[in-house]
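Taking it in order: structure first as structure tokens, then the write-up.
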Amino acid sequence: MNRRELMKWMALSGATASAPGWVWAMGEGNSAGSNPGERLIMLFLRGGADGLTLVPPLGDSAYFDQRPTLAVSEADALPLDTYFGLHPSAGSLKTLFDAGELAVIQAAGTTTAERSHFEAQAIMEQGIDPQDLATGDGWLGRYLATINGGRPLSAVALDVAVPLSMAGLGSALALGEIDQFSLQLDTRTRLILTEMYGKDPLLEPTANAVFDAAQALGPVQSFAPGSGYPTSELGTALSDAARLIKSGSGLKAAAINTGGWDTHERQDDDIGNLIGGLGDALLAFRNDLGSEWGNTTVLVKTEFGRRVYENASAGTDHGHGGVMMVAGGGVNGGQVYGSWPGLNASALSDGQDLAVTTDYRQVIAEMLSVRFGQTDLNDILAGWQPQDWQGIFRPIGESPVLSALAAPSLAPQQGSGFGPANALDFSAIGPLPRLQSAFPNTTNGQQRLIR
Amino acid sequence: MAELAPVTEQLKEALRLVERTTYGGNRQWADIVESLGYEGFLDWQLQPQEIDDGGLEDLLASFLPTLNMDAAELYDYTINQRNFGDSTRDLTLATLIRQIYSPRQLFERMVEFWTDHFNIPINSGALGIFKPLEDRDMLRPRVFGRFEDLLMGSAKSPAMLYYLDNFASTAEGPNENYAREMFELHTLGVDGGYTEEDIKETARVFTGWSIREPAEFNFYWQLHDYGTKTVLGETIQPAGISEGENLLRRVAAHESTARFIATKLARRFVADLPEPAVVDAVAQSFLDSGGDIRTTLKTLLMLPEVRATLPLKLKRPIEYSAAMLRGLEVDLNQTSLSGHYQSLVAGGQIPFTWPAPNGFPDQRSYWQSSNGFLMRFNQAAQLPGQTLESSTLLQDAAALGGLDDQINLLESGLRPQGLSSDERGLLKRYSRRLPASKRATAMASWLLGGPEAQWR
């Protein structure tokens, strides 16, 4: 197959991931019953976050039996209700929960147990279950396609690439870090590239998206970042999301990834920082947004929870049921939702993992319906069996009075001595030697190279 | 300068091979493949030990101090002398420089392939020591050997034992992480026919496989589970370390492994969605040769349908940026290397930083992003101007007076398969009003930033 055939095949099969630029010009929010003012921040905890440590079931005695060294003790936990608590590092999450702006859904996830990271993430991002319903595009992309965001920055990934959940929406942009997104082309170069890409239908939409995004981001970049965020990729991403919202760029949805949750070994070394960093970034985001928090919903999900019984390396292996969280001004927070299946052996999924009592799609469906006014959910969430809403969200128009919340008290940054590789210091190696010799000579080059 | 002779179909096929098997062609590599022919070029590249590296390794060692340290030296230098991060820097720079400048191009591409396949991000201090040792002592010597040896080497590598937690897996509490990823990512593939029970049993098989200081494999029999196990339908009698070794041999020779490796090779070298007939032929070659990687790779690249396939792969950021430096024949210097490095930061492909065990993605759907193309456009726009002094191609172009001659010269280096008449017309139209001194760099930017340069 050559590229022309590939394009033809893609056109025939509807597999093309490219919406023409004019779609953006069609105006926004024209689908019936939608709520054009509402925005979604989708935060994916990559690696399988341990819901039993994030939101420990203190009222379940089996929890302490199964987690002899890793269980969060009742004395340390931050209580949420008479049964559940939060990990002691989750002070910021507790602040949001107590303000009624954060809700927890326990024992949530995919109904079919899938313990491979990559398969489980792909299932969740496609909005499907089981896997043989694979669509190849994402639930968020399908949802966004129905509302027609109308502006170049309506759907963005604050990451180097667009995640599968947004795939299928040709206009979704990957922005990386907003301040780094700067196009450095002279006019002539831009014009000739536009002409050249006009002859490559597979790449043309992306080239045009770069040009459009660079222009649209100008006002966002001149909007100063808010304060109070932890110094982390997640902090930067949420700060960028806030700038997109506050500058009036027309953002409808942003996708953010944060990793490190695959805690197979010495879990307690890392998980406090992960949970604290998550909560601090969310609370800073909330405070940064001000009144815009009233029509912003943050959906936090992870591909699976972790094994109920801890392993011998003071860590936890891949499990099934996990925890989801939603935060925002439109959330009926301060409550733990979902029914708790219990951790007794007979209640476990495959005899080892927390069972799932809330299909992750049920939460997405309730959110899209109640907060975003989306009526046709079956095309977005393939295979979903509707249940009654759990009352996690306030109806559109019923927004709470937002009161001032304390800023997160940020832990001092711990320097491990091992900087990230992208802080590589070239100066430490001094001037580089000449290396032209490693190129073979032009004339009869092969004779120099072959012994 | 006269018009270039029209490129024959035979030469076009050979030039596509260069694009597939190197980090980008240029004038010299076009000459080489023209003189050696398709199969001759491939055979040459498949025997890297026979290729003079032009002093590259000595040169790297002269300014990257940790490159040749043994485990004990590296441990002392890093931990006791507190040179944290040097080994990561040295491995990263050596990798990037080899990709651009080593004459052993297919070897470097296969190093990258296996580095992705057995991915280990350097995300902790211990891996800053283990991973460089693994790259040098385990992976590179096995790149073209038998897959079984690579798998065995990986299973016993302190880097892998540490990254996937097997070092802490004991009879009392087996850790499933390595067992799961070994089946899913290293051998059978996710639909390759193993079960959750197989994972649990395999974790027991590998209990006691751990690390001894400073960076050595050690089997701790005291920590091994000496019960009977059943994996993939076969009973494994208690025997200690040989249980795991035999299991790895069995899995390496499994038909699902052959298909999985064949699919990944075809995806890396030919197309995101390789044709079933191609995968079948390559998988068969893998099985027939006892998992010989050199044989399997040659089978793939000699298949008539592969030779005839036009460029369908979107270059990944490393491939794109390295090809630019190679096409321009840029001398190694601070400017070119920093530019390359920064473009990979922006594009999201610094070696050894992919955070999950599955390795950097190998499909267009991931890399064709607005963020990625922003990086590509900026790099193409800036690099020729920044490297004018150190680019042999641009120096040669600047020495020519006529526009047509300059275009022909740039074509020979950056589009050896030939410019389309459309592209030639655009170059002429847009460069006409530029001062003569700026033409060559501008036209190089346009050719490097344009759509044809994105595919291989």
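What follows is calculated from the coordinates using simple rules that are stated; it is not laboratory data. Keep in mind that this is a model prediction, so the values were computed, not measured. Cβ sites come from the backbone with ideal geometry, for glycine too, and all protein chains shown count toward neighbours.
Below, the figures for the structure above:
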{"item": "Over the protein assembly as shown, equivalent-ellipsoid semi-axes from the Cα gyration tensor in Å", "result": "45, 35, 25"}
{"item": "Two-site FRET efficiency, B:Ser124 against B:Glu50, from Cβ-Cβ distance with R₀ of 22 Å, rounded to 0.05", "result": "0.05"}
{"item": "Principal axis box of segment B:367-456, alpha-carbon based, largest edge first, Å", "result": "39, 29, 24"}
{"item": "Considering only segment A:3-413, percent of DSSP beta bridges that pair antiparallel, nearest 5", "result": "40 percent"}
{"item": "All-pairs Cα distance distribution in segment B:161-252, expressed in whole percent, bin size 10 Å", "result": "18, 54, 26, 2"}
{"item": "Cα centre as origin, Lys/Arg/Asp/Glu Cβ charges: segment A:204-338 dipole, Debye", "result": "480 debye"}
{"item": "B:Ile51 long-range amide H proximity, modeled H, under 5 Å", "result": "none"}
{"item": "Per-pair calculated FRET efficiency, R0 = 45 Å: B:Gln222 and A:Ser61 via Cβ, rounded to 0.05", "result": "0.85"}
{"item": "Cβ-based charge dipole, segment A:70-216, positive-most Cα from A:Phe181, A:Met166, A:Val72", "result": "A:Phe181"}
{"item": "Euclidean distance of C-alpha centroids, segment B:201-267 and segment B:298-327, integer Å", "result": "34 Å"}
{"item": "Phi to ³J(HN,Hα) by Karplus 6.51 cos²θ - 1.76 cosθ + 1.60 over segment B:75-81, Hz, x for Gly, Pro", "result": "4, 5, 4, 7, 8, 6, 8"}
{"item": "Charge sum, other residues only, whose C-beta stays under 13 Å from A:Ser232's C-beta, Lys/Arg counted +1 and Asp/Glu -1", "result": "-4"}
{"item": "Dipole in debye (nearest 20) - the protein assembly as shown, about Cα centre, beta carbon charges: Lys, Arg +1; Asp, Glu -1", "result": "2780 debye"}
{"item": "Whole-angstrom gap from segment A:344-392 to segment B:59-131, using each part's C-alpha centre", "result": "46 Å"}
{"item": "FRET efficiency, 1/(1 + (r/R0)^6) with R0 51 Å, evaluated for B:Phe63 and B:Gln237 via beta carbons", "result": "0.45"}
{"item": "Amide proton proximity set for B:Asn119, modelled H, under 5 Å, gap of 5+", "result": "B:Gly359"}
{"item": "Cα centroid separation - segment A:58-94 against segment B:350-372, whole Å", "result": "37 Å"}
{"item": "Rh by Kirkwood over Cα pairs, then Stokes-Einstein D for segment B:255-308 at 0.890 mPa s and 25 °C, µm²/s", "result": "234 µm²/s"}
{"item": "For segment A:3-413, projected area of the alpha-carbon convex hull averaged over all directions, nm²", "result": "20.6 nm²"}
{"item": "Computed over chain B, Kirkwood Rh from alpha-carbon pairs, angstrom", "result": "23.5 Å"}
{"item": "q = 0.20, 0.29 Å⁻¹, segment B:310-352: log10 I(q)/I(0) [Debye, one scatterer per Cα]", "result": "-0.64, -1.06"}
{"item": "Reachable lysines from B:Lys313, criterion Cα separation under 16 angstrom, eight or more residues apart if same chain", "result": "B:Lys264"}
{"item": "Check: segment B:317-454 dipole with +1 on Lys, Arg Cβ and -1 on Asp, Glu Cβ, in debye", "result": "460 debye"}
{"item": "Descending Cα extents along the principal axes, segment B:44-193, whole Å", "result": "50, 42, 19"}
